[in-house]
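The values are calculated or read from the model by the stated rules, or taken from the named source; none is laboratory data. Only a predicted model underlies this, so the values are computations on that prediction, with no experimental measurement involved. As a convention, Cβ positions derive from the backbone with ideal geometry for all residues, glycine included, and neighbour counts pool all protein chains shown.
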Amino acid sequence: NAGVTQTPKFQVLKTGQSMTLQCAQDMNHEYMSWYRQDPGMGLRLIHYSVGAGITDQGEVPNGYNVSRSTTEDFPLRLLSAAPSQTSVYFCASSYVGQGNTGELFFGEGSRLTVL
Amino acid sequence: GNSVTQMEGPVTLSEEAFLTINCTYTATGYPSLFWYVQYPGEGLQLLLKATKADDKGSNKGFEATYRKETTSFHLEKGSVQVSDSAVYFCALARYSTLTFGKGTMLLVSP
């Protein structure tokens with residue numbers, strides 16, 4: 001009954017450090033995505049993937065990299081963290097195909113602070 | 001492009017009051033519409049959805065009707081409870097990409 005699992009839940013970085021936020025889902029969903037949530041800004045799409053080997057940019061992709069080597073995993077990499085990347089990050093997945101209505105299943109979030 | 005506009009909060013109500021949170025959208029084609037809820041310290045959960053015009057989504061006493069003529073999807077509940085205190089997000093989906101509104105915080109006092 002895991003659904004979408006994100007790790008770590010909390011992380012503090014110094015400016016310039018790199019790190020990877022992990023996301024895994026066990027629902028065999030083709031579509032996976034990363035959002036960031038900032039006060040007064042709602043959720044903004046960073047990157048998404050419609051299947052293994054396929055990724056695309058969302059609204060705010062700068063400073064982030066993704067890859068999708070398996071259906072289950074969709075890690076988000078920060079190559080050189082900046083204070084502007086302090087945020088709560090959510091991974092979400094969904095089924096793609098006939099009858100898909102776009103409903104997303106969210107992880108519990110990863111709170112990142114960059115000092 | 002696609003966009004969602006929802007009323008700014010916080011919305012402060014007493015228990016058993018009537019709730020309306022307005023949501024309007026701009027989109028090409030025929031999107032699906034959603035309300036998600038986020039309780040403190042948690043991720044987003046789907047509250048209700050509607051996939052075509054005039055559909056009414058409902059769950060846990062909340063309702064919203066997909067109005068294509070007014071491009072709206074307002075959230076309503078007849079009698080709110082303290083446990084309904086959360087942030088509510090309106091969203092639209094075209095294919096698998098969701099566009100969210102900025103969220104409306106609801107605070108319900110006893």
- Message: Exactly one of these conditions fails for B:A53: (1) buried (at least 20 other Cβ atoms within 10 Å of the Cβ); (2) hydrophobic (A, V, I, L, M, F, W, C); (3) over 11 Å from the mean Cα position of the chain (by Cα). Give me its number.
- Response: (1)
- Unmet criterion (only one of (1) within 17 Å of A:T20 (Cβ to Cβ); (2) within 10 Å of chain B (Cβ to nearest Cβ); (3) at pLDDT below 95) for A:Y95: (1)
- What do you reckon, is A:Y64 free of Cβ contacts under 8 Å to residues at least 40 places away in the same chain, of a type in the set (F, W, Y) and buried (at least 21 other Cβ atoms within 10 Å of the Cβ)? no
- Taking A:D56, is it more than 20 Å from B:Y88 (Cα to Cα), of a type in the set (D, E) and away from every other protein chain (no Cβ under 14 Å)? no
- Task: Would you mention how many residues in region A:1-22 are within 12 Å of chain B (Cβ to nearest Cβ) and either in contact with a Gly (Cβ under 7 Å, 6 or more places away or on another chain) or part of a loop (DSSP other than H, G, I, E, B) (or both)?
- Result: 5
- Query: Can you name the residue in region B:15-69 that is closer than 22 Å to A:V4 by Cα and assigned to a loop (DSSP other than H, G, I, E, B) and is also nearest to the other protein chains (Cβ to nearest Cβ) among such residues?
  - Reply: B:G43
- Message: Just to check your reading of the model, which residue among A:R111, A:R77, A:R68 is in a loop (DSSP other than H, G, I, E, B) and touching a strand residue (DSSP E or B) at 6+ places or on another chain (Cβ under 8 Å)?
- Response: A:R68
- Query: A:M32 versus (1) facing chain B (nearest Cβ under 9 Å); (2) aliphatic (A, V, I, L, M); (3) in contact with a Lys or Arg (Cβ under 9 Å, 6 or more places away or on another chain); (4) crowded, with 20+ Cβ neighbours inside 10 Å: which is the lone unmet condition?
  - Reply: (1)
- Look through A:L43, A:L21 and report the one residue that is touching a Pro at 6+ places or on another chain (Cβ under 7 Å) and touching a residue at least 40 places away in the same chain (Cβ under 8 Å). A:L21
- Item | Within region A:71-92, considering residues that are at pLDDT 95 or above and within 10 Å of another protein chain (Cβ to nearest Cβ), the one nearest to A:T55 (Cα to Cα) | A:C91
- Item | Checking B:L98 against (1) of a type in the set (A, V, I, L, M); (2) under 12 Å from the mean Cα position of the chain (by Cα); (3) buried (at least 20 other Cβ atoms within 10 Å of the Cβ); (4) within 14 Å of chain A (Cβ to nearest Cβ), the condition it does not meet | (2)
- Query: Here are some conditions: (1) surrounded by 21 or more Cβ atoms within 10 Å (Cβ to Cβ); (2) at the interface with chain B (Cβ under 10 Å from one of its Cβ atoms); (3) of a type in the set (A, V, I, L, M, F, W, C). A:M41 meets all but one. Which one does it not meet?
  - Reply: (1)
- Message: Of everything in region B:68-95, what is surrounded by fewer than 17 Cβ atoms within 10 Å (Cβ to Cβ) and among the basic types (K, R)? Give them in sequence order.
- Response: B:K68, B:R94
- Counting only residues that are part of a loop (DSSP other than H, G, I, E, B) and within 14 Å of another protein chain (Cβ to nearest Cβ), how many does region B:70-95 have? 2
